[in-house]
Amino acid sequence: MTASRATATNLVRRLPRTTLVVGKGGVGKTTAAAALALESSRSVGRTLVLTTDPARALPTVLDHAVGSEASSVRYAPGLEARAIDAAKLRARFMERWRATIAVILDRGTYLDDDDIAPLVDTALPGSDEIFAALELAELLAADTTPESVQRIFIDTAPTGHTLRLLALPQTFRALIRLLDTMQGKHRVMVRALTRGYRPDEADAFLAEMTRIVDVLGEALVDQERCAAVMITNPAALVLEETRRYLAALNDLRVHVAAVVWNASDSHVGLPGAAGAPQFIVPTLDRSPVGRAGLDAWLERVELAAPHGSAAGVATAVGVRPRVSSGARIDLEALLRPLTSVAGKGGVGKTTVA
């Protein structure tokens with residue numbers, strides 16, 4: 001084992017069972033999550049790499065098909081991969097609980113059936129984050145069963161999506177309290193009429209949702225069970241978002257276990273990282289795709305010096321793209337009254353817009 005590979009191995013072994021691989025879009029979260037999961041499958045045990053990112057870059061990085069159910073990666077015994085399918089999770093959830101939610105709304109409001117039916121579909125937010133969070137809670141709850149995976153690496157969506165996911169225990173509790181208040185009216189009426197009350201399916205739903213939210217909320221702030229690895233680079237825009245991200249994680253009490261400067265030759269101080277060790281992975285000659293590419297990434301992981309090179313950072317931040325000497329492009333001819341600037345996360349959409 002090379003010294004750098006030993007660095008990656010030691011990093012993986014120091015992490016808790018669940019690791020959130022976070023960072024701005026385009027910094028290399030998927031690569032880092034896949035590579036660290038690959039190393040974990042070799043040095044720790046059965047490992048799951050799970051992506052919550054709608055962009056679905058994980059199949060490309062792994063060079064392996066990834067579906068909504070966990071499946072073994074063909075070239076890595078002990079490594080499984082899975083993509084969160086929010087639409088499928090929502091359909092499964094509503095199939096189980098839709099009628100129950102409708103009953104709660106009927107008991108707690110003066111609406112008729114025609115009004116309640118569309119309201120049920122909006123009683124729970126339909127965003128990807130809420131169903132990714134509920135699924136994550138189930139995985140965290142299974143951490144003591146013999147058949148559970150020993151490590152989970154979560155390839156997260158870009159900043160905004162992931163912060164909403166991590167804040168869901170707080171917002172979801174408020175929703176449960178609202179529904180419980182509606183159900184409470186029913187309990188009072190039943191007790192008044194029958195001098196007793198027997199919990200029903202609605203109470204079971206509220207108890208189950210409370211359990212799930214409690215599991216997720218407790219696990220996210222327990223650094224023995226869950227931590228984040230921040231992926232970043234020295235580019236000015238990335239640094240600014242990384243600092244905001246670290247501050248938000250601190251507010252949410254999510255422990256940052258490490259910072260990885262990906263495709264970088266330097267690093268800078270990040271006060272919000274609270275003393276987390278920092279690592280550098282330089283730009284590779286080839287894209288880190290598949291087993292060989294991910295192994296190459298792992299081989300280049302280096303522990304960063306306590307203080308970054310100011311000159312290196314200035315160079316990285318101050319680089320300007322070379323302007324072609326060819327014919328000028330008539331940008332005005334490309335524009336319309338409404339112009340959509342699209343592309344993969346991190347490629348520069350905001351700058352171009």
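Trypsin sites (Lys or Arg not before Pro) within the stretch 190-238: which are DSSP loop residues with at most 12 other Cβ atoms inside 10 Å? Let's see the in-between values first.
Working: sites: Arg191, Arg195, Arg211, Arg225; in loops: Arg195, Arg225.
Taking the stretch 190-238 and a limit of 12 other Cβ atoms within 10 Å, the loop trypsin sites (Lys or Arg not before Pro) found are Arg195.
Report relative contact order for the stretch 1-63 in percent, whole number only (criteria: Cα-Cα under 8 Å, sequence separation at least 6). Intermediate results must be reported in sequence, preceding the final value.
On the way: 36 pairs, mean separation 19.9, N = 63.
Reported relative contact order: 32 percent.
Normalised radius of gyration for the stretch 1-49, please: alpha carbon Rg relative to 2.2 N^0.38 Å, two decimal places. Please report the intermediate quantities before stating the final value.
Numbers: Rg = 11.0 Å, N = 49, 2.2 N^0.38 = 9.7 Å.
Rounded to two decimals, the normalised Rg is 1.14.
With a probe of 1.4 Å, find how much accessible area the stretch 1-116 has per residue, and write the answer as a whole number in Å².
Working: 4840 Å² over 116 residues.
That works out to 42 Å² for each residue.
In whole percent, how big is the carbon plus sulfur part of the accessible area of the stretch 5-74, probe 1.4 Å, protein atoms only? Mind dumping the intermediate values first?
Details: 1020 of 2230 Å².
C and S atoms contribute 46 percent here.
For the stretch 134-265, what % of the accessible area comes from carbon and sulfur atoms, probe 1.4 Å? Before the final figure, lay out each step's value.
On the way: 3450 of 6280 Å².
Taking all protein chains in place, the stretch 134-265 shows 55 percent carbon and sulfur surface.
For the stretch 242-296, run through the trypsin sites (Lys or Arg not before Pro) and keep only the ones in DSSP coil with at most 10 other Cβ atoms within 10 Å of their Cβ.
Numbers: sites: Arg243, Arg244, Arg253, Arg286, Arg291; in loops: Arg253, Arg286.
Here the trypsin sites (Lys or Arg not before Pro) that fit, given the DSSP loop and packing criteria, are Arg286.
Along each of the three principal axes of the Cα atoms of the stretch 156-275, give the extent in whole Å, ordering the values from largest to smallest.
Here the spans come out as 73, 27, 20 Å, largest first.
Let me have the relative contact order for the stretch 216-294, percent, based on Cα pairs under 8 Å that are six or more residues apart.
Dividing the mean separation by the residue count of the stretch 216-294 yields 28 percent.
The values are calculated or read from the model by the stated rules, or taken from the named source; none is laboratory data. A quick note: this is a predicted structure, and the numbers were derived from the prediction, not measured. Neighbour counts run over all protein chains shown; Cβ positions are idealised from the backbone, glycine included. Accessible surface areas use protein heavy atoms only, side chains included; no ligands, DNA or RNA. Shrake-Rupley method; radii C 1.70, N 1.55, O 1.52, S 1.80 Å.
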